[in-house]
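To start, the structure itself, in structure tokens.
Nothing in this text is a laboratory measurement; each read-out follows from the coordinates by a stated rule. All of these numbers come straight from a predicted model, not from anything done at the bench. Positions of Cβ are generated from backbone atoms using ideal geometry, with glycine treated the same way; all protein chains shown enter the neighbour counts.
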Amino acid sequence: MQVIDVTSVSKKYKVYKNPGPVSLKNGIQEIFNNKTNQEFWAINDVSFSLNSGDKLGIVGNNGAGKSTLLKILSRITKPTSGSISVSGKVASLLEVGTGFHPELTGRENIFLNGAILGMKKHEIIAQFDEIVDFAGEQIIRFLDTPVKRYSSGMYVRLGFAIAAHLNPEILIIDEVLAVGDADFQKKSLGKMKEVASREKTILFVSHNLTAVANLCNKTLHLEKGKVKDFGDTGQILTSYMAALQKNIFEHYFETPEQAPGNDLIRLKYAKLTPVLQENQSYWDIRHPFKIEFEFWNLGNTQNLNVSLHVFASTGECIFNVGSDQLTCQFGLIRGTLAVPGHYLNDGNYVVSFMVVKDKSIILYNFEEIFNFEIADFREDTTWYGKWPGYVRPSFSFPLEQITETL
């Protein structure tokens, strides 16, 4: 039986001008004039359907529209166009704290969420002890404290426990489980598998392809707000991972007149290459990568060096590397940077670099030269939650038993 039908759904947001500092009067006038630079389509003409018991994984780069789609299906936001049909009780765990009333206690929010799902009071009472026990000792201790005083980890623990135990027909989970600790994420994935075994329908957004492969029978691949692919999970993930091989980027310009830059510096060549293992078709955290570039020094500038930056897709600078200083004249300059494997965590990243004179004067900043994604890899597959942080070094960290008794 079909329980979810999404037909040509799109969601548009307006991106407003940012003219810099303005007076209060002019700022208010800008708002009422409703002036915008552009329209941004978070999702565009998305269509798919699910039957009762389907488990759908939703994958794609950051900004692909995954969270927007879940908010529409959860009726948190309305689509700009298109239609959705959802049959059955829906429980959602999206952004931390979604669905909680901050002034109410944890106990009161359990009953509130159950009522929103259409549960009778006696049905909630029957599940209450199991919900609290699953959420853990910290929640038990602060069960009668207003949730506005909870940490983000406590929000996630209680939110997931409520969503998974109040017997929804459709469970929608974004990758907010990254906030929880490893033990809770492992327990949460086990609970999702238990819910899945009861022929419930699950929609699960994750960058962790192993978790998607183990949980989901269908997968939706979104790219820049549109459906790139939809179908059997094995087939979709195979093509999705193969597409990661395109993370080999190269820019080449024959002459300075064609190249980006200015009168002093022009880019001739830039290449980013992951060093993949034999028969490996996609880039994961184990693989080192190399960044190479060449640029023309057109201004006879002395004492040059390059400052290379790697950013998360959300804008944080993960690391910055400065080159040696080079005393030079007119001509072509080459630089190479090798980044080891087991350094960056899985995720999306952006590379920029600037050419600098005397370590302080920026001659030109080549912004967002490369945009790439690194996939997850784990030898230990007992936990499939998002690994926290932007770096993921592989340090030696031994444990040893030093006594056999207390």
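So here's what we get for this one:
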item: Using alpha-carbon coordinates, inclination of helix 106-116 to the longest axis of the chain, degrees; result: 80 degrees
item: Under-5 Å amide H pairs with Leu203, H placed in peptide plane, nonlocal only; result: Leu56, Leu171, Ile172, Ile173
item: Cα-Cα P(r), segment 248-374, percent of pairs per 10 Å interval; result: 12, 43, 31, 13, 1
item: The chain: radius of gyration and largest Cα-Cα distance (Dmax), Å; result: 25.3, 82
item: Among 109-116, 322-329, 141-148, the order from most to least packed when residues are scored by Cβ within 10 Å on average; result: 109-116, 141-148, 322-329
item: Computed lengthening from Ile362 to Ser281, 0.36 nm per intervening residue step minus Cα-Cα distance; result: 25.3 nm
item: Stokes-Einstein translational diffusion, segment 63-119 - Kirkwood Rh over all Cα pairs, 0.692 mPa s, 37 °C, in µm²/s; result: 253 µm²/s
item: Mean Cβ count within 10 Å, highest first, over the residues of peptides 373-379, 88-94, 392-398; result: 88-94, 373-379, 392-398
item: Under 14 Å from Lys226, Cα to Cα: aspartates and glutamates that are on another chain or at least 8 residues apart; result: Asp45
item: Amide H partners (placed H, <5 Å) of Leu326, local residues excluded; result: Leu304, Asn305
item: Greater than 22 Å apart at Cα, pairs in Lys268/Lys357; Lys66/Lys228; Lys55/Lys148; Lys71/Lys200; result: Lys55/Lys148
item: Rounded to 10°, Cα long-axis angle of helix 121-135 versus longest principal axis of the chain; result: 40 degrees
item: At R0 = 35 Å, FRET efficiency that the Cβ-Cβ distance of Asp5 and Cys317 yields, to 0.05; result: 0.20
item: Helix 152-165 axis, angle to the chain major axis (alpha carbon atoms, nearest 10°); result: 50 degrees
item: Ile318 long-range amide H proximity, modeled H, under 5 Å; result: Val310, Phe311, Ala312
item: Relative packing of peptides 150-159, 39-48 - highest average C-beta neighbours within 10 Å first; result: 150-159, 39-48
item: Spin-label pair Thr210/His101, simplified geometry with 7 Å Cα→Cβ offset, distance in nm; result: 4.2 nm
item: Relative contact order of the chain, defined on C-alpha pairs under 8 angstrom at six or more residues apart (%); result: 15 percent
item: Ellipticity estimate at 222 nm from DSSP helix runs (n ≥ 4, -39,500 (n - 2.57)) divided over the chain, nearest 500; result: -7000 deg cm²/dmol
item: Positive-end extreme of charge dipole, the chain - chosen from Asn51, Thr301, Val212 (charges on Cβ); result: Asn51
